Amino acid sequence: MSILLNLAAGLIFGLGLVISGMANPAKVLNFLDVTGSWDPSLAFVMLGAIAVTAMGFRLVLRRPKPLLEQSFQLPGQSSIDGPLVFGSAVFGFGWGLFGFCPGPAITSLGLAATSTLVFVPMMLIGIAAAAVIRKRLGS
Amino acid sequence: MGGALIGVSAVLLHYSSGRIAGVSGIIRRLIVPSSDSKPELALAFIVGLIAAPFVWTAATGSAVVQSVSENLPLAAVAGLLVGFGAAFGGGCTSGHGVCGLSRLSKRSLVATIVFMSVAALTVFVSRHIIGGGA
């Protein structure tokens with residue numbers, strides 16, 4: 001049951017990316033190009049996602065626990081620290097260079113553009129490296 | 001419409017598993033598993049993501065429109081930066097940008113402002129300064 005619901009969540013998420021154009025790096029780069037060929041439509045996609053999520057989370061968190069698990073796993077940290085800012089800046093740099101963030105890159109795997117097939121393995125290496133370094137730093 | 005679906009997915013995941021739909025975090029749970037990371041659930045989510053364009057094409061009969069740079073060295077560097085940065089900063093567009101902002105997390109607000117500004121600045125420099133206004 002858990003497996004099926006996670007599969008469904010991934011599928012719905014991926015369809016959202018496909019329909020909104022988030023899975024198209026050219027469109028994402030135009031969204032980021034505020035002073036040039038600015039395409040603001042993705043801002044509405046993000047706002048739409050946030051509006052639905054904010055309302056949904058509020059309802060869900062009224063429940064004592066999730067449907068299939070013992071507890072909600074919410075990020076516990078609240079401090080704004082160096083790794084948060086540094087990591088986000090590095091991520092933003094990579095996103096601006098190519099137009100892929102992690103979800104759209106994975107969703108695009110099956111479309112099999114050669115550069116996607118280069119991007120994704122390198123992204124996995126980056127994620128693993130960051131996880132290892134953060135563990136060493138004890139955070 | 002697409003944005004609402006992303007929200008529905010985030011709520012569904014949170015309602016059923018109690019977890020945050022942050023894609024970089026979900027990938028990390030699969031490739032760097034820990035005692036409570038439930039890699040099999042992370043894998044199911046990722047399979048769903050990968051299946052999405054095929055389901056879309058099967059349902060609508062139209063191909064997914066996508067235009068990706070063919071610059072492979074750029075893809076390699078950008079991939080590494082995106083993966084490292086998102087995992088080091090504790091989230092990407094979905095985890096910080098959608099779920100975090102929905103929860104009014106201050107950390108996520110800072111992260112989202114930082115990565116959106118750096119991404120926009122990167123596009124500005126590469127298109128209008130280096131690229132000569134193309």
| If we count every other residue with Cβ under 13 angstrom of A:Asp81's Cβ, Lys/Arg +1 and Asp/Glu -1, where does the sum land? | +3
| field | Additional length obtainable on full extension of the chain from A:Leu4 to A:Met55, 0.36 nm per residue less Cα span | value | 16.0 nm
| field | Residue exposure sequence - B:Cys99, A:Cys101 - by fewest surrounding Cβ within 10 Å | value | A:Cys101, B:Cys99
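Helix-derived [θ] at 222 nm for the protein assembly as shown: sum -39500 (n - 2.57) over DSSP H runs of at least 4, divide by residue count, nearest 500? Kindly include the intermediate steps, with their values, before the conclusion.
Working: 11 runs with 177 residues, N = 273.
Result for the protein assembly as shown, helices only: -21500 deg cm²/dmol.
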| query | Treating the beta-carbon of each Lys and Arg as +1 and of each Asp and Glu as -1, no other charges, what is the dipole magnitude of segment A:1-98 about its Cα centre, to the nearest 20 debye? | reply | 420
| query | Tell me, B:Ile130, B:Ile27 in order of fewest to most beta-carbon neighbours within 10 Å? | reply | B:Ile130, B:Ile27
| request: Express in nm, to one decimal, how much length is gained between A:Arg136 and A:Ser41 on full extension, taking 0.36 nm for each residue of separation and deducting their alpha carbon distance. | output: 30.1 nm
| Distance in nm between label sites at B:Ser35 and B:Thr60, each 7 Å beyond Cα in the beta-carbon direction? | 4.5
| task | Just rank B:Glu40, B:Glu70, fewest to most, by other beta-carbon atoms within 10 angstrom. | result | B:Glu70, B:Glu40
| message | Distance between the C-alpha centers of segment B:7-28 and segment A:19-97? Whole Å please. | response | 12
| query | With contacts defined as alpha carbon pairs under 8 Å and 6 or more residues apart, what's the relative contact order of chain B in percent? | reply | 23
| remark: Within the under-15-Å Cβ sphere about A:Phe100, not counting A:Phe100, Lys/Arg +1 and Asp/Glu -1 give a net charge of 0
| said: Which aspartates and glutamates, if any, have their Cα less than 17 Å from the Cα of B:Lys106, not counting same-chain residues under 8 positions apart? | reply: A:Asp81
| message | Students often get this wrong, so check it: of A:Lys27/A:Lys65; A:Lys135/B:Lys38; A:Lys27/A:Lys135, which have C-alpha atoms separated by over 27 Å? | response | A:Lys27/A:Lys65; A:Lys27/A:Lys135
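Laboratory data are not the source of any read-out in this text; all were calculated from the coordinates shown. Note that the structure is a prediction, hence the values are computed from the model and not measured. We place every Cβ from the backbone using ideal geometry, glycine too, and count neighbours over all the protein chains shown.
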